[in-house]
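The block underneath contains the structure these notes are about, expressed in structure tokens.
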Amino acid sequence: MAQSVKIWFDSEADFLEVLFSDTPGFMRETENDAIMERVDMEGNILGFSVMNVSQLSKQKPLHAQLFASVRDSVG
């Protein structure tokens, strides 16, 4: 089964968003100040966003744990 992922980058806001689903949801904080996760009302991950993308170090990866499970019916 093919899955669709939407990736959106706003260069003026220096903001990257990745969406696994168009399901309505809300943003919540992660342990990393630069990353927010988008979840539905049951806590399933719908996507995530990264703020201040241009400030990320090129020598080490950005790391965050997303605690909710990814929805089974992505797309």
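Quick note: the coordinates plus some simple rules give every number you see, no bench work behind them. All values derive from a computational prediction rather than experimental measurement. Don't worry about glycine lacking a Cβ; one is built from the backbone with ideal geometry, like all the others, and counts go over all protein chains shown.
Side notes on the structure shown:
- Projecting the Cα atoms of Phe15, Gln65, Thr30 onto the charge dipole of the chain, computed from C-beta unit charges around the Cα centre, puts Gln65 farthest toward the positive end.
- Entry note, the chain: relative contact order of 30 percent, from Cα contacts under 8 Å with a spacing of 6+ residues.
- When +1 charges are put on Lys and Arg Cβ atoms and -1 charges on Asp and Glu Cβ atoms, the dipole computed for the chain relative to its Cα centre reaches about 260 debye.
- Looking at the chain alone, DSSP beta bridges between its own residues are antiparallel in about 95 percent of cases.
- Convex hull volume per residue for the chain, taking Cα atoms only, in Å³: 106
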